[in-house]
Structure formats: structure tokens, C-alpha cells
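Enquirer: Just passing along the structure, written as C-alpha cells.
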Amino acid sequence: MSPSDTPENTTAPGVGDSAADGPLIVFDQVVKRFGDLTVLDHLDFDVAAGERVTLIGPSGSGKTTILRLLMTLEKVTEGRIDIGGEPFSHMPKGSGLAPASESYLRQRRKSIGMVFQQFNLFPNMTVRKNVMEAPVHVLGLSKDEASARAEELLDLVGLGDKVDAHPTQLSGGQQQRVAIARALAMRPEILLLDEVTSALDPELVAGVLDVLREVAETTDITMLCVTHEMGFARDVSHRVLMFDQGRIAEAGHPDQIFGDPQEERTKTFLKSVLENGH
Amino acid sequence: MEFLIAQWPRFLDGTLLTIQLTLGGIVLAFVLAMTFGVMGTMRHWLPRAVATVYVEVFRGIAALVVMYWLIYALPLLSGFQLEDMFAAILALGLNLGAYGAEVVRSSINAVPRAQVEATVALNMSWAQRMRLVVLPQAWAQMLPTFGNLVVELMKATAVVYLVSMHDLSWIADDLRRLSGETIPVFLVAFALYYLIAQVLIFGVRLLERRANRRLGRVPPSGGGILGLLRPPTVGTKVGVAK
Ligand SMILES: Nc1ncnc2c1ncn2[C@@H]1O[C@H](COP(=O)(O)OP(=O)(O)O)[C@@H](O)[C@H]1O
Ligand SMILES: [Mg+2]
């Protein structure tokens, strides 16, 4: 897995031979604006099936926006996103494409899960219900099946003894691990992780990262991960993308990006992360 | 005093009618408030337009006027006579339902955006999102204001006096006319209204407590009867740093 020479079309060798044989996720000239502010500026990049990509870059560089576009929480302004060789931000209409409708998105986002910086557990449900409600109602699993699976996943994240607790009774780190279990319960092909340890007290970070390491090692879920945890990024990711002002400033294998960054912006950014004690 | 004791059954009949009107009005107002309140949060303009029209029309018209329309004008227009009881409940429910719909709408809008985003990430449909996440959380927010509306509704039932339904107010006034015992009669009426209001308030507080428990918010004073008190404003708690 060596770094590719251009930021575009960099995929990790050894992964990516999915059904369509092409990349799983394709950003094609994606522009995202909020009013006058251009957050993503004609962005091109691909992610292969099974690949784990870490997104780094200064605050405001558009990392969260990329994940939110994939989770269909935002719409592209220009350009398009394809997933699995089929349009994602758009849908086929006649001979061309139209912006995706809500029902089309509902069909297409099935395969995608997301874990948020602030956990966003449902406070009106126990831990078990948080994990099993969507499988029951969205996937149509039986309650018994979903409950058993919730227990299994909560075991996996080390919270087997908290299934009937209330989210407010858990520490931040525990809540985030429930959120990971909740996302996994939907059996996603693609998992989006947006600074999932940034809201945690330092002593709780390791527990969450261990869970994610385990997920990375034991599944072939494609992961897009925004994080300042450079050690973790180095361990689990096939590729690192350095963002700056809505564009990819540098891309490559984690050993190269962290060990031998080429771009001035990457060097400055990594230095600032180290100094801020992340 | 003997007079009051002798007339007690009539007081009870009046009270019963007042309670029936109140409960009927609550059920109808609740259904309308939920329906139009949820419609007021939908993305499509049509349900929102319908909800706005309902709220603005019935918020602006006194329940009494609606009741006059239903009882006196409707038969002239349609040749169809509603039963008094039904008309009264309809008028009260339509009126309070309009206020309730605004409470429902604003409570739904107050559910954090992040919660909705989490439901999108789990690919829930709109109906699943509402039923499983948004409404259960909005519910705790609605209840305190619902408590006020329920008491408002109970007090508003007195308007049926004007279409000669024998509710508590009508009975009290009738007994006053018959006996001249103005003060005792109205004291009893006052006590009975007050009692109904207290039961309603207590009931809503119980619901509030349960709703907050479900959201993992335990009353600061624990689970006892004091838990029914509203929590103090943060700044007023002794020993809490600013
Ligand atoms: N809903 C929004 N409305 C307006 N501006 C937004 C919105 N979401 C994000 N932005 C802006 O877009 C830029 C990129 O944000 P984001 O993708 O969150 O960056 P990052 O995650 O890299 O810190 C920031 O300047 C942010 O203020
Ligand atoms: Mg961000």
C-alpha cells in the first residue's frame, strides 16, 4: 500500500475489487456552498470498497461537510457523488440525472452509517432500545432477533452490563461506544466517523479507539474517519487525505503523510496538532 | 347549610356535566393539537397551510361564538341539529386544540437537530422518526403548557351556561336564584371548580414526571411527592456557582 502520486484516484491496492469493480465512493467535481461560502471546491476523490480513509485538516476545511454529504444530511451544490457505481447525490431521470428525491435517498443510504462527535443517542430510550429500534423498524428484524443482536454488539463495545441503563447514566466514552454499536446494528457497508473522540475526556478516548480498531480489524466495512488521533489514523487507515480550504492538499499512505509530509500546509497542520496535545 | 346539603345532588350533576365537557374537550383538543401541530412541521406546504388556517381561525374565535354557530346557525344553514353536548365539546375542543397545536409544533421544533440527524443516519422514515424519537422527546416539553391549557379548557366549559346546559355554573346560579343564598352557593361552586382544576394539574404533573424520567431526568428532590414541584431555576439554588 504505497502512496499514489496524485490526490485523485488514489485507492489502496488489494482492496476495491467490489462487485462493480470500480471504486465504491466517487466524488466527481463536488462543490458545496453555504451562501457565498465555498466549503468544497470542485472536489474529486474515490474510496475503494473496504478501504479505510482518514480525513485530516484544519478546522473549517470541509471534512465534516464531506461526511454529511455522504450521510445525505447535506446536498451537493454542484457535481455529483456516486456510490457502488450508481448515482447517489442524484437519481436517474429520463436519460439524465435529477437531484435525488427523499425516497431515492432512503433507498440509497441504507448502506451507510454515521457516528457523530456528540454521540446523539436518543435520550428517550434505554441503551438496548437505542441499538435495536432501527433494526426492528427500519430493517424489519424481529424484536428478539434485534435484542439479541443489540446485546452482542454491546458486548463487543464492552458494555454488555449496560444494556438496560439509560444513556444519561453513562460516561461520554460509554455513550460513544453505544453510538458505534447502534451504527453497526444497521450492518452498514460504509461507516462515517466524525471526530468521534473529540468531545471526550482524555482518559476515555482510548476505550473508544480500541473498539474502532477492533471493528477495523474484524470487518471489511469501508470507513471514512475524521480524526486528530494520529496514532489511531496511522494504525487503521489505508490512506490519509489532508484537506485545506475545501480541496485535497495532500494524499497518501499514513506513514508518508505523518512521517514525511510533502506539502507545507500538511507540515504546519501536523505541527499544530502535536502542539495542541491531541 | 341544610339547603346546601339538600341540593347536593344537583351540585353533583352540574359537576359531572362540567367534568364530562372537560374530558370530552381534552380528548378532542388533544387529537386536534397533535394532528395540526405535526402537520405544521411537515415539509410540504399543503399540510402546513391547512394547519396554519386551522390555528389562526380557531385561536381567533371565542369558544362561545363557535358554540353559538354550531347550535344556532348550523341548523339554519344545514337543517342539521347537533346535540348540545356534542356541539359544546366540539367548540371547546376546536378552540383549545388550536392553542395546543401551536404548543405541539413548537415542542417538535425544539427537539435538537442532532437527534433528527441521528434518525437519518439510521435511515428512519419520517413516520418512524416522529413516533420513535421526535414526539417522545417533544412530549416532555409539551406537558407543562398542556397543563395550563387543560385548566383553561375546564374554566371555559362555563360558557355552556349561555346555551342553558346545566353545568356547575348554571346549577350554582339557579340555586342562587331559588334560595338567595348567594355566598354559600358560590363558595361551593368555587370549591368544586378548584377541586377539578387541582386534580387535572396533579394528573398532568404525574405525566410530566413520568416523561422526564423517560428522558433520564430525575427530579432534584428525588422521587417523592416533592418531585412533583417544578425544579428551581438554576440561579436560585443555594450553593450553586453561577
Ligand atoms: N449549515 C451550514 N451553514 C453555513 N456554513 C456552514 C454550515 N455547515 C458548515 N459550514 C461552514 O463550512 C465550513 C466547513 O465546515 P466543516 O465541514 O464543518 O469543516 P471541518 O469539519 O473540516 O471543521 C466552515 O467554515 C463552516 O462554518
Ligand atoms: Mg468537523
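The numbers here are math on the coordinates, done by the rules we state, and not lab data. As the structure is a prediction and not an experimental result, all values here were calculated from the model. Glycine also receives a Cβ, built like all others from the backbone with ideal geometry; neighbour counts cover every protein chain displayed.
Enquirer: Would you mind finding the one in A:Val163, A:Val127, A:Val196, A:Val208 that is within 14 Å of chain B (Cβ to nearest Cβ) and without any contact (Cβ under 8 Å) to a residue 60 or more places away in the chain?
Expert: Only one candidate passes the filter, namely A:Val127.
Enquirer: Can you give me the number of residues within segment A:70-101 that are farther than 23 Å from B:Thr119 by Cα and polar (S, T, N, Q)?
Expert: Residues that pass the stated criteria total 2.
Enquirer: Here's a check for you: in segment A:181-196, which residue that is away from ligand 2 (no atom under 16 Å from the Cβ) and assigned to a loop (DSSP other than H, G, I, E, B) is surrounded by the fewest Cβ atoms within 10 Å (Cβ to Cβ)?
Expert: A:Arg187
Enquirer: Looking only at segment B:136-169, count how many residues are over 18 Å from the mean Cα position of the chain (by Cα) and more than 21 Å from B:Val199 (Cβ to Cβ).
Expert: Number satisfying all stated conditions: 8.
Enquirer: Shifting gears a bit: Quick one: how many residues across segment A:37-64 are more than 8 Å from ligand 1 (Cβ to nearest atom) and touching an Asp or Glu at 6+ places or on another chain (Cβ under 7 Å)?
Expert: Residues that pass the stated criteria total 3.
Enquirer: Could you run through segment A:175-215 and say how many residues are within 16 Å of ligand 1 (Cβ to nearest atom) and among the charged types (D, E, K, R)? Walk me through how you get there before you give the answer.
Expert: We begin by selecting, within segment A:175-215, every residue within 16 Å of ligand 1 (Cβ to nearest atom); these are A:192-199.
With the extra rule that they be among the charged types (D, E, K, R), the set shrinks to A:194-195.
Looking only at that region, the number is 2.
Matching residues to (1) within 16 Å of ligand 2 (Cβ to nearest atom); (2) over 26 Å from A:Pro261 (Cβ atoms):
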| site | (1), (2) |
| --- | --- |
| A:Ser198 | yes, no |
| A:Gly207 | no, yes |
| A:Asp220 | no, yes |
| A:Thr227 | yes, no |
| A:Ser237 | no, no |
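Enquirer: Can you list the strands (runs of 3 or more DSSP E) lying wholly within segment A:55-138 that have 1 or more residues being on the phi > 0 side of the Ramachandran plot and touching a Phe, Trp or Tyr at 6+ places or on another chain (Cβ under 8 Å)? Reasoning before the result, please.
Expert: Details: elements: A:78-83, A:90-93, A:96-99, A:112-115.
Once the strands (runs of 3 or more DSSP E) in segment A:55-138 are filtered for at least 1 residues that are on the phi > 0 side of the Ramachandran plot and touching a Phe, Trp or Tyr at 6+ places or on another chain (Cβ under 8 Å), what remains is A:78-83.
Enquirer: Let me ask something additional. Let me confirm something: among A:Leu97, A:Leu67, A:Leu105, which residue is out of contact with any Cys (no Cβ under 6 Å at 6 or more places or on another chain), within 11 Å of ligand 1 (Cβ to nearest atom) and of a type outside the set (Val, Ile, Thr)?
Expert: Step by step, each of A:Leu97, A:Leu67, A:Leu105 is checked, and only A:Leu67 is out of contact with any Cys (no Cβ under 6 Å at 6 or more places or on another chain), within 11 Å of ligand 1 (Cβ to nearest atom) and of a type outside the set (Val, Ile, Thr).
Enquirer: So A:Gln117 clears everything in (1) surrounded by fewer than 19 Cβ atoms within 10 Å (Cβ to Cβ); (2) without any contact (Cβ under 8 Å) to a residue 60 or more places away in the chain; (3) within 16 Å of ligand 1 (Cβ to nearest atom); (4) of a type outside the set (A, V, I, L, M) except one condition, right? Which one?
Expert: (2)
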